[in-house]
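Down below is the structure, laid out as structure tokens.
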Amino acid sequence: MKLKITIIIKLLFVNFVIGQIKESEINGTWIEYKSEMKDGSRILPISKSEINFSKIVIRNSKFCMDSSPIYKTDESQCLIFSLEEDVIKTSIKSGYHIEKSSSDTLVICQKIAGLENDKLKRSYLVDEKMLFSTELKKRKGEKNIVATKLFTPKLNVNLDDEIFIAFKNNISNIDVVGSLTIFPGKKVVTSEISYSSVKSNKIGIITNVINNSFDKWDLTNFEEFESIKIPFIIRSEIKRYSSLTYKGVRVLYFTNTISEFDYVNRSTTLDDMEKSNKLFQKGIKAYSDKNYIIAAEYFSKSYKTDPKNIDALYNKAVAYFEGGDKENACKTWKELVDLGQTNGIELYKNNCN
């Protein structure tokens, strides 16, 4: 039974100038409704957030990925690509294989040299215009609606920045729950705060910024509604680290659940990745020295430090198995089964039944 070896590939992004296939077939704004790894495994780590959102904009030989449903895509952050046969090529060694393309659906899968199928993401996408049309039909006859991530006016500016500037660098820790309502006919925006973690004059500053934001909204296709309500949560935060201080304001729309911040802000830092890799390499060394149980412990710590490092979990099972501890090996493979990992499912079936 072989260990999985983590390989870090640094890719140099370059521009390509040769186009061979019509880009018109894939141009547009695409909303992701499903994703998985190429081998069918579930993407890790699994988020409990209900506000996950991903869209891909393809136009003018630019490939743009965006996670905001309410802000317009910043094309300055996009990748220049060339279309070569059925591959959207964004660099020498990477791109996206077009697995399916029609007027309203697109299925693409990452194509990166050196990476196996369980490391490549597949995205199932639907055309934004078609999706918007479907959502609009659902609300036929309604005059007062609640916006969702799939059916919302867009902001031309970042209200996070507007609120931060209005605070005049006087940042403190506060969580706020509320909603804003846009009245297209009256050309007015109002706000309502239902919860604040502390009493603060910042509530007045926040509502003032929101109430003066009407001109910052693109209400195209929303003009006929009398009102559009958008729930939100706001976190103003100051954090002090050993060598620096972070100050910021974050607004999340379409939710009134403060815990969403924990899911959205939960990400693996570069320090975590480095620590995880060091533990992983120690696991490899211990395994090579046939210290299988010690290796399993290192792989376990590596995975806990960086849950995206699924290879560490696979190796933990292998180390237990080679060390004669089939019970813990099967428990680990079962964990991979529960995480929806295709290879883990096969290993569990072959070794534990």
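The values are calculated or read from the model by the stated rules, or taken from the named source; none is laboratory data. All values reported here derive from a predicted model rather than from experimental measurement. Heads up, the Cβs are rebuilt from the backbone with ideal geometry, glycines too, and the neighbour counts pull from every protein chain shown. Only protein heavy atoms, including side chains, enter the accessible area calculation; ligands, DNA and RNA are left aside. Shrake-Rupley method; radii C 1.70, N 1.55, O 1.52, S 1.80 Å.
Residue count for region 287-325 under the criterion of being under 15 Å from Met1 (Cβ atoms), assigned to a helix (DSSP H, G or I) and in contact (Cβ under 8 Å) with a residue 12 or more places away in the chain: the result is 16.
Has region 277-286 got any residue that is within 19 Å of Asp118 (Cβ to Cβ), in contact (Cβ under 8 Å) with a residue 40 or more places away in the chain, among the aromatic types (Phe, Trp, Tyr) and in contact with a helix residue (DSSP H, G or I) (Cβ under 6 Å, 6 or more places away or on another chain)? Yes, region 277-286 contains at least one residue that is within 19 Å of Asp118 (Cβ to Cβ), in contact (Cβ under 8 Å) with a residue 40 or more places away in the chain, among the aromatic types (Phe, Trp, Tyr) and in contact with a helix residue (DSSP H, G or I) (Cβ under 6 Å, 6 or more places away or on another chain).
If you filter region 103-112 down to residues that are farther than 13 Å from Val87 by Cα and open to solvent by 40 Å² or more (accessible area, probe 1.4 Å), you find that the one that is modelled with the highest pLDDT is Asp104.
Among the residues making up region 150-163, those that are over 13 Å from Ile234 (Cα atoms), surrounded by 18 or more Cβ atoms within 10 Å (Cβ to Cβ) and touching a helix residue (DSSP H, G or I) at 6+ places or on another chain (Cβ under 8 Å) are Phe151, Leu155.
Listed here are the residues, each with its yes/no results for (1) touching a Leu at 6+ places or on another chain (Cβ under 8 Å); (2) modelled with pLDDT of 95 or more; (3) within 30 Å of Ile310 (Cα to Cα).
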residue: Leu125; (1), (2), (3): yes, yes, yes
residue: Asp160; (1), (2), (3): no, no, no
residue: Ala166; (1), (2), (3): no, yes, no
residue: Asn170; (1), (2), (3): no, no, no
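Evaluating Ile206 against the criteria (1) closer than 21 Å to Ser67 by Cβ; (2) in contact (Cβ under 8 Å) with a residue 40 or more places away in the chain leaves one unmet condition, (1). Within region 118-166, the only residue that satisfies the criterion of being within 30 Å of Asp39 (Cβ to Cβ) and among the polar types (S, T, N, Q) is Ser123. Taken over region 225-258, the residue count meeting the criterion of being assigned to a loop (DSSP other than H, G, I, E, B), under 19 Å from Leu150 (Cβ atoms) and either of a type in the set (Ser, Thr, Tyr) or free of Cβ contacts under 8 Å to residues at least 60 places away in the same chain (or both) is 2.
Among the residues of region 322-353 satisfying the criterion of being more than 19 Å from Asp118 (Cβ to Cβ) and open to solvent by 60 Å² or more (accessible area, probe 1.4 Å), which is farthest from the chain's Cα centre (by Cα)? Step by step, filter region 322-353, then rank; the result is Gly324. Looking only at residues in region 219-237 that are under 24 Å from the mean Cα position of the chain (by Cα) and open to solvent by 20 Å² or more (accessible area, probe 1.4 Å), the one that is nearest to Lys72 (Cα to Cα) is Pro231. Within region 245-262, being at pLDDT below 80 and surrounded by fewer than 16 Cβ atoms within 10 Å (Cβ to Cβ) holds for one residue alone: Asp262. The residues in region 41-64 that are at pLDDT 90 or above and open to solvent by 40 Å² or more (accessible area, probe 1.4 Å) can be counted, and the count is 4. When you go through Lys140, Lys186 one by one, which is the residue that is at pLDDT below 95, surrounded by fewer than 16 Cβ atoms within 10 Å (Cβ to Cβ) and part of a loop (DSSP other than H, G, I, E, B)? Exactly one residue qualifies, and that residue is Lys140.
State whether one or more residues within region 164-182 are under 30 Å from Thr90 (Cα atoms), among the aliphatic types (A, V, I, L, M) and surrounded by 12 or more Cβ atoms within 10 Å (Cβ to Cβ). Among the residues of region 164-182, not one is under 30 Å from Thr90 (Cα atoms), among the aliphatic types (A, V, I, L, M) and surrounded by 12 or more Cβ atoms within 10 Å (Cβ to Cβ), which makes the answer no.
Counting only residues that are within 15 Å of Lys275 (Cα to Cα), open to solvent by 20 Å² or more (accessible area, probe 1.4 Å) and aromatic (Phe, Trp, Tyr), region 285-321 holds 2 of them.
For Ile205, the criteria (1) open to solvent by 80 Å² or more (accessible area, probe 1.4 Å); (2) touching a Phe, Trp or Tyr at 6+ places or on another chain (Cβ under 8 Å); (3) over 30 Å from Lys140 (Cα atoms) hold in every case but one, which is (1).
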